[in-house]
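Quick notes on the structure that follows.
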Amino acid sequence: MEQRLQVWTITIVLGIIVCVLLASWSPWLTPSISQKLVVNKIEKLTANVLDGCGIGCTDCGAKNVTKVPFGSEVIVEYNCGGPRPIDENNPNRTTIAYVSFIGYVEANVFKH
């Protein structure tokens with residue numbers, strides 16, 4: 001009986017270690033999936049905002065993706081004041097959105 005308990009304990013501990021390592025690596029979180037999740041989040045945030053900030057502008061949207069422990073970071077370029085061309089008076093802004101290993105997106109965009 002005691003030996004069975006030890007086997008179960010070792011199995012559970014190894015299972016937890018494997019799950020943590022997999023979550024840290026997040027192989028299911030590819031660059032294209034990360035970009036899609038970020039774009040979807042931003043589109044939801046800006047769906048009812050007229051002439052606010054958004055990614056519907058020249059050279060805007062999800063850019064580079066970098067894998068980080070337990071997720072990825074996506075560089076997002078956006079602009080405020082409605083879709084219009086880039087000019088020196090209103091350059092695009094850049095921020096980083098974090099995508100967790102479970103697909104949750106933390107996008108602190110549109111903060112002036």
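Only the coordinates and a few stated rules stand behind these numbers; no lab work does. This is a predicted model, so every value here is computed, not measured. Cβ: placed from backbone, ideal geometry, glycine included. Neighbour counts: every protein chain shown.
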*May I ask for the angle, rounded to the nearest 10°, between helix 31-46 and the longest principal axis of the chain, with both axes built from Cα atoms and the value confined to 0 to 90°?*
50
*Give me the number: length gained by fully extending I16 to K44, i.e. 0.36 nm times residue separation minus the C-alpha to C-alpha distance, one decimal in nm.*
6.6 nm
*asked:* Helix 2-25 against the longest principal axis of the chain: what's the angle in degrees, Cα atoms only, rounded to the nearest 10?
replied: 20
_Computed FRET value (nearest 0.05) for V68 with N90, which takes r as the C-beta separation and R₀ as 25 Å_ = 0.25
_Give me the one-decimal nm value for the distance between modelled label points at S100 and C80, 7 Å along each residue's Cα-to-Cβ direction._
2.7
